[in-house]
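Here's the structure, in structure tokens; my notes come after.
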Amino acid sequence: MAVNNSLAKKPAKMGLTAYLSQDAVKKQINNVVGGKNGTRFISSIVSAAQATPALQECTNPSILSAALLGEALNLSPSPQLGQFYMVPFDNRKKGCKEAQFQLGYKGYIQLAERSGYYKKLNVLAIKEGELIRYDPLDEEIEVELIDDDVIREETPAMGYYAMFEYENGFRKTMYWSKKKMMAHAEKYSPAFGRNGGAKTLELLEQGKIPEKDLWKYSSFWFKDFDGMALKTMLRQLISKWGIMSIDLQKAIDKDMAVIQEDGSADYVENTADEIDNDNVVAEQEIKEVQPETKAPDPEKESDQREVSDIEAEFFNK
């Protein structure tokens, strides 16, 4: 009886450690990083992969390329810093998982401040009860912020404000209501719009979505709406009215893309503004709701060695 080729077992994926230990890959990393910074760079990749199980299932070149872009921009992949992320998504066209470079709103701030053009740059969620008025003609905002930081943190956002001021005194501000931001997300994010959008977000915030169904809402718009809103405000403000350095232009151009080995970018979906994907699994922001129980994978176990051992192997020549 003939065996159907489609049922043939796929070749095992090379472990990340083994991939990073190849001479050609070492050379590629040293061309961008080089010197003592190489140990820090390799540690950041391994740490990200260990913290994000789905990232270990992505193709090794896509992980490396996303990390190299972040390194070239002098940004950290640490989820705690929130400058950029390597986000796993399921590329159905290629039949594999790939790591996507995603710029965080704190990465926007870092790159803008380094440009030297901005005297002031700020983005802020305006909480319920804080806004007194916003004049879009004179771009003046009047607010009364909640004094208690703990209470303010727990208070839902009603809108989002962003502003910058150049060294020469030119100033620009923006304010969007949360309703407008939700409409924006529903329009430009298929993952948000197709899964109920604002109505589903409200249920999530109220804890009314069963844990067994949380996996369906993997988009950052569901997991961290305020964070995505702040990023959108900065993107709108800077891309339309701000001066952009070469690094900032590069980051915006390759945001939400899979970076190929030649430096080109493959976008999941192209839109007029934000780019999103139904299959993004952003585990770097939150713990997995229902971690799967699987048999040990020798290839992945090899990647769980101490970082110091990996560094020694990588740079031992």
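The values are calculated or read from the model by the stated rules, or taken from the named source; none is laboratory data. Please read these numbers as outputs of a predicted model, since none were measured by experiment. Cβ sites come from the backbone with ideal geometry, for glycine too, and all protein chains shown count toward neighbours. Keep in mind that these areas ignore ligands, DNA and RNA; they rest on the heavy atoms of the full protein, side chains included. Shrake-Rupley method; radii C 1.70, N 1.55, O 1.52, S 1.80 Å.
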- prompt: Under a plain spin-label model, where a point goes 7 Å from the Cα along Cα-to-Cβ, how far apart in nm are Lys120 and Gln50?
  reply: 4.3
message: Of Phe222, Thr173, Asn195, which is farthest towards the positive pole of the stretch 149-259's charge dipole, taken about the Cα centre with +1 and -1 on the beta-carbons of Lys, Arg and Asp, Glu respectively?
response: Asn195
task: Using all C-alpha to C-alpha distances in the stretch 27-173, build P(r) with 5 Å bins and read off the rounded percent in each one.
output: 2, 8, 14, 14, 14, 13, 12, 10, 8, 5, 1, 0
- request: Express the carbon and sulfur contribution to the solvent-accessible surface of the stretch 33-117 as a percent, rounded to the nearest whole number, probe 1.4 angstrom.
  value: 50
message: Suppose we keep just the alpha-carbon trace of the stretch 169-220; what are its Rg and Dmax in angstrom?
response: 14.3, 52
query: How big is the equivalent ellipsoid of the stretch 92-240 along its three axes, where each semi-axis is √(5λ) from the Cα gyration tensor, reported in whole Å from largest to smallest?
result: 29, 22, 13
- prompt: Ignoring ligands, DNA and RNA, how do Ile146, Ile42 rank by accessible area with a 1.4 Å probe, largest first?
  reply: Ile146, Ile42
query: How many angstrom separate the Cα center of the stretch 234-261 from the Cα center of the stretch 155-187?
result: 18
- prompt: In the stretch 166-237, which chymotrypsin sites (Phe, Trp or Tyr not before Pro) are in a loop and have at most 14 other Cβ atoms within 10 Å, using DSSP for the loop call?
  reply: Phe170
- request: Could you sort out which of Lys27/Lys94; Lys172/Lys250; Lys208/Lys231; Lys216/Lys254; Lys199/Lys223 sit more than 18 Å apart by Cα distance in this structure?
  value: Lys27/Lys94; Lys172/Lys250; Lys208/Lys231; Lys216/Lys254
task: Report the full-extension gain for the segment Thr155 to Cys96: residue separation times 0.36 nm, less the Cα-Cα distance, to one decimal in nm.
output: 17.2 nm
- prompt: Which percent of the accessible area of the stretch 122-274 is formed by carbon and sulfur heavy atoms (probe 1.4 angstrom)?
  reply: 48
query: Of Val150, Val87, which has the most accessible area and how do the rest follow, probe 1.4 Å?
result: Val150, Val87
statement: Rg/Rh of the stretch 153-273 (Cα atoms, Kirkwood Rh), to two decimals, equals 1.02
- line: For Cys96, other-chain or 5+-apart residues with amide H closer than 5 Å (H placed, Pro excluded) are Asn91
